[in-house]
Each structure stands twice: as C-alpha cells, then as structure tokens.
Amino acid sequence: MSGSTFGTLLRVTNFGESHGPAIGCVIDGCPPGMALTEADIQGDLDRRRPGTSRHVTQRNEADAVEILSGVYEGQTTGTPIALLIRNTDQRSRDYGNLLDTFRPGHADYTYWQKYGLRDPRGGGRASARLTAPTVAAGAVAKKWLAQQYGTSFVGWMTQIGDVVIPFEDEAQIPLNPFFAPNAGVVPALEAYMDALRKAGDSCGARLTVTARGMPVGLGEPLYDKLDADIAYAMMGLNAVKGVEIGAGFGCVTQKGSEHGDELTPQGFRSNHAGGVLGGISSGQDLVVSIAIKPTSSIRIPRASIDRAGQPTVVETFGRHDPCVGIRATPIAEALLALVVMDHALRHRAQCGDVQPPLPPIPGAVS
C-alpha cells in the first residue's frame, strides 16, 4: 500500500492496523543531537488515547511508546527514529458481521474495490487508531521546533454537533475531555454526548489548531505553499472533510479593505490570512480550522449491500467514538508541527544564509 509516507526532508512513514499486534512510525530526517526519551512523546499520546472519558471509545489502550532506533545515550543520532505502540485490547469478534457487508460512510467498500480484500477488524488501516503514531511523531517535531524557534502549538474544540463552543479561557482546554476553552459549556456537551450515545448515533465536530512563535519565510510561492501542505496533511486525518486557513470561507463576504492584513512598525493589525501570505509564513500565528464528519460506525441499522451486491442492513457493534472529533485536537497539533518542521528544514537548506533586508516586525520570529 502506497501513501503511508509524507514530508520532504522530514519524512514520516506510518505502519500497522487497528487490530494487528502493533502500530508505529519511522521518522527520517530529524537532525542529530536533540535529547529525546519516551517521556517526551508519551504526554501527547496520553491526550489522544482511548478510554479517557465516557464520551469516547472504551477500548483500553495504554498507548505506551517504545523508541526502537535513532536515539543513542538519550540523543537523536540523525538516523531513522522508529517508534512502536503495541495493541493490547483488540476485540476482533465485534466485527464478525462485517466480513461480507459494508458500513455506509466508511472505507469498507472502497478498500475492497481497490485492493480486492480488506481487514474488517476495527477498520484496519482506515481506523483512527492509526493516528497514534502521527501524534508520537508530532511530539518529536514539537520539541525540535520549541528548541529551535520557540514555536508552540495549541488546539481546541469550537463546535460539537449543534453545540457551539465560544472561546473564553485557554487554561480550560486541558481540564475537560472535550478540549473546550470554556468551562461553562461542558455540561451541555456532556448531555449532548450522553443523548447521542443512548440513541446509538454520532455527530461531527469542528476544531482550531494554532502554531505560535512562527519563523518568517517557511513555504514556497507555488506548489509547495505552506498552507497547501497544511491542508494536505489535515485532509489526511481520518474523517476530515474541510480545512480552513485563517478566515477560510469567511473571506467570501469580506471586502479587500477588511481581509488584507495591514502592516505597521508595531506589527500586523489583523490575521485574516492565518499566518501565511503567498504560501510563505509571515511570522504571525498559523491558524487552521478543520471540520470532522460524524463517526461512520453507529448502532442504528442502515441500508447497504453485501459482497454479492445484494441489499442488506448493517448495524455496527463494538466500541466506537460517538464523535471522533473529541480526540482529534492533539492529532491536528501533531500534523501541523510535522508540516512546520519539514518546511523549517527545507528553508534552512535553501535559504539559511539569506539575510532579510528588513528585520521581522514585532511578533515575528527571524
């Protein structure tokens, strides 16, 4: 299967299946000399892992990461870093009824048509379980970017189903299972999710992820635009159906006098561009918003066909997230960090000797 690797100078290859013995990734291109241990990675995996609240799948995985290569005496060597996460709580019997049928909205039908066979257990390669190695790789990128540029990443939920989450307090994000920056809306989210689970249904979500302390100059002016690569990476995340940079689709109703971010000696007056101008980072915060579709695996009976093309009805059992977006925030952060680190390495390779004729305006990192 091709399509399991992304990146140019920083390349990440993802491997494994939802119900196989293990999942993991290989990171190629990380510079040598950075201190790295499993503890640097485990924190982000703990934020993503299943079973952390009653509102997500109750599959009980520790998601304990093992560093197999690329680190010697606590430092990266510049060689490929192999990360392994063992699967310990598979219940493959829950998928026995899916051997000959296809779940509506899922990849079952397209995988079978493309490859001629498929692993139905937990969705195989199509499972959101495969985002754990992405989060592990993203933790490595986050640490390198923090040390090199002081860049940091934070994401939060802005909407779950019908419930909009106004941004009030960033400090609340790690204090609730929804990554919601608003303590007041958490009871409404809990009630909404409880009702959804009782009904056997699912819902979508929207979230925002940002990169702060961004260097100026990352990206290319045409096919390798920074925002294009961000959109490419985000669309590679399971269930993502839309990506916006900055004002996104909101720019349709804006006038040029409003959307164009004015510059002053003190800095930019706004950030409708989301930190990217002409495909190149401006030094402002990168601001990315993604839309995630409802979970396809639901208990409500749905019309489908079997492998003979005959009509049937599918009801999905097992342990599933009623809203896969709830655990997506650390994944989106990881993807953004991987794209930024890759572009930082590419910029350093081509333009590391360039002396900008104008110092970065306040708020931008040189």
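What the table shows:
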quantity	calculated
Residue in segment 126-142 that is of a type in the set (K, R) and in contact with a Gly (Cβ under 7 Å, 6 or more places away or on another chain) present	yes
Answer residue from segment 306-343, given it is over 17 Å from A231 (Cα atoms), assigned to a helix (DSSP H, G or I) and of a type in the set (A, V, I, L, M, F, W, C) and is modelled with the highest pLDDT among those	I326
Only one of P181, P174 that is under 19 Å from the mean Cα position of the chain (by Cα) and part of a loop (DSSP other than H, G, I, E, B)	P181
Pair list, Cβ under 7 Å, 6 or more apart: segment 1-21 residue of a type in the set (D, E, K, R), other residue at pLDDT 85 or above and part of a strand (DSSP E or B)	R11/T5; R11/D28
Close pairs from segment 299-315: first closer than 21 Å to A199 by Cα and touching a residue at least 12 places away in the same chain (Cβ under 8 Å), partner of a type outside the set (K, R) and exposed (fewer than 10 other Cβ atoms within 10 Å of the Cβ), Cβ under 6 Å, at least 6 apart	P301/V313
Subset tally (residues that are touching a helix residue (DSSP H, G or I) at 6+ places or on another chain (Cβ under 7 Å), part of a helix (DSSP H, G or I) and either of a type outside the set (G, A, S) or farther than 19 Å from H19 by Cα (or both)) for segment 109-139	9
Top-ranked residue of segment 161-189 - restricted to ones that are at pLDDT 95 or above and among the acidic types (D, E), ranked as farthest from A337 (Cα to Cα)	E168
Positions within segment 291-305 being surrounded by 14 or more Cβ atoms within 10 Å (Cβ to Cβ), part of a loop (DSSP other than H, G, I, E, B) and not β-branched (V, I, T), in sequence order	K293, P294, S296, S297, R299
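To keep it simple, each residue is scored yes or no on (1) more than 30 Å from F317 (Cβ to Cβ); (2) hydroxyl-bearing (S, T, Y); (3) crowded, with 18+ Cβ neighbours inside 10 Å.
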residue: T110; (1), (2), (3): no, yes, no
residue: A126; (1), (2), (3): no, no, yes
residue: A139; (1), (2), (3): yes, no, yes
residue: S152; (1), (2), (3): yes, yes, no
residue: W156; (1), (2), (3): yes, no, yes
residue: D169; (1), (2), (3): yes, no, no
residue: I173; (1), (2), (3): yes, no, yes
residue: F178; (1), (2), (3): no, no, yes
residue: G184; (1), (2), (3): yes, no, no
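The values are calculated or read from the model by the stated rules, or taken from the named source; none is laboratory data. Remember, predicted model here, so these are calculated numbers, not experimental data. FYI the Cβ positions are ideal-geometry reconstructions off the backbone, even for glycines, and counts take in every protein chain you see.
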